[in-house]
1. Go through the stretch 76-93 residue by residue and turn each phi into a ³J(HN,Hα) via Karplus (6.51, -1.76, 1.60, θ = phi - 60°); whole Hz please, and just put x for glycine and proline.
2. If I model a spin label at residue 229 and residue 304 as a point 7 Å from the Cα along the Cα→Cβ vector, what separation in nanometres do I get?
3. Which residues in the stretch 38-58 place their backbone N less than 15 Å from a point set 7 Å from the Cα of residue 95 along the Cα-to-Cβ direction?
4. How long is the gain from residue 203 to residue 161 if the chain were fully straight, where each residue apart is worth 0.36 nm and the alpha carbon distance is subtracted?
5. Calculate one ³J(HN,Hα) per residue across the stretch 155-160 by plugging θ = phi - 60° into the Karplus curve 6.51 cos²θ - 1.76 cosθ + 1.60, and present them in order as whole Hz with x for glycine and proline.
6. How long is the gain from residue 268 to residue 55 if the chain were fully straight, where each residue apart is worth 0.36 nm and the alpha carbon distance is subtracted?
7. Provide the net charge surrounding residue 267, with neighbours chosen by a C-beta distance below 9 Å and charges set as Lys +1, Arg +1, Asp -1, Glu -1.
8. Whole number in Å², please: accessible area per residue of the stretch 210-298, 1.4 Å probe, ligands, DNA and RNA not counted.
Amino acid sequence: ITGSENFNQENYTFSYDTADLTINQANLTITGIIGSDKVYDDTTAATASGTATLSGIIGADDVILGGSPAFTFASANVGTGITINTTGYTISGTDSGNYTLTQPTLSGDITAKELTITGITGDNKVYDDTTASTATGTAALSGIIGADDVILGGSPVFTFASANVDTGITITTTGYTISGTDSGNYTLTQPTLSGDISAKELTITGITGDDKVYDGTTAATATGTAILTGVEAGDDVILGGSPVFTFASASVGTGITITTTSYTISGTDSGNYTLTQPALSGDITPADLTVTADADTKVYGATDPT
């Protein structure tokens, strides 16, 4: 009441209008669950773990959580803390009409999917005092989802775990790479191969087979200084032994094969080698024979003795 007139309650009566008031529904939330991480699979499908619990129920109100929840990543690509949207939770019970339900918003990580390489095998080699290795075949990516654009490239390098002679030696690989629109959703595991390193053959040079005069035996000799050929630079390999030389035949001939036995090798690195005994040759010439007449006598006029 405004104005200059003095207000006197006795001069007035009051009446009141009634109005409709609204009681809004209380909001319920869901706790107790967390979004699960997953490995990239080119889908937005998600899961959650834990036990879903209603939060916000007043007193002893009868409100029950139910439904068939569905969880969905906001993106199918690799990332951390990706939003997971939830649908499908419902509420029921005598007092459920007094409430609304807010579906939970979760989060989770999508980690890169591992790709492997197939189609190649490690090569065997002869010992060369290095760990350098090679592989044969056609490298192919294994594990790509659907039609994802992922391309295998790079310049692979293959390396034996040891330079020494052995079988089934691990060959490590580096240098393969992946590219393409969807490559960020993947990691690449370099292939681990294996191969054998076989012993290197050493030969002996510097000696020649000797000729001899027939003596009815196959015994032979050789002249010169025996030298190992084929040892890798810096390797410790020593030639030794007590060689024996033998003609293939005891009879007279030219260019008869002389076999050799008993040369040996020793030294720190000798296990990485095999030794081939030298094959020589020589001539066996005829032995000289002389004829000596027996001395004899005769009486003059007699027949000469035989």
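The values are calculated or read from the model by the stated rules, or taken from the named source; none is laboratory data. Bear in mind the structure is a predicted one, so any value in this text is a computation, not a measurement. Here Cβ is always computed from backbone atoms with ideal geometry, including for glycine, and neighbour counts include all displayed protein chains. Just so you know, the surface numbers come from the protein's heavy atoms only, side chains and all, with ligands and any DNA or RNA stripped out. Shrake-Rupley method; radii C 1.70, N 1.55, O 1.52, S 1.80 Å.
1. Karplus-based 3J(HN,Hα) across the stretch 76-93 equals 8, 8, 4, x, 10, x, 6, 4, 10, 7, 10, 9, x, 6, 9, 10, 9, x Hz.
2. That separation, rounded to one decimal, is 6.1 nm.
3. 54-58
4. Full extension from residue 203 to residue 161 adds 12.3 nm.
5. Result, ordered by residue: 10, x, 10, 10, 9, 5 Hz.
6. 69.0 nm
7. Spelling it out: positives minus negatives among the neighbours equals -3.
8. With all protein chains present, the stretch 210-298 gives 61 Å² per residue.
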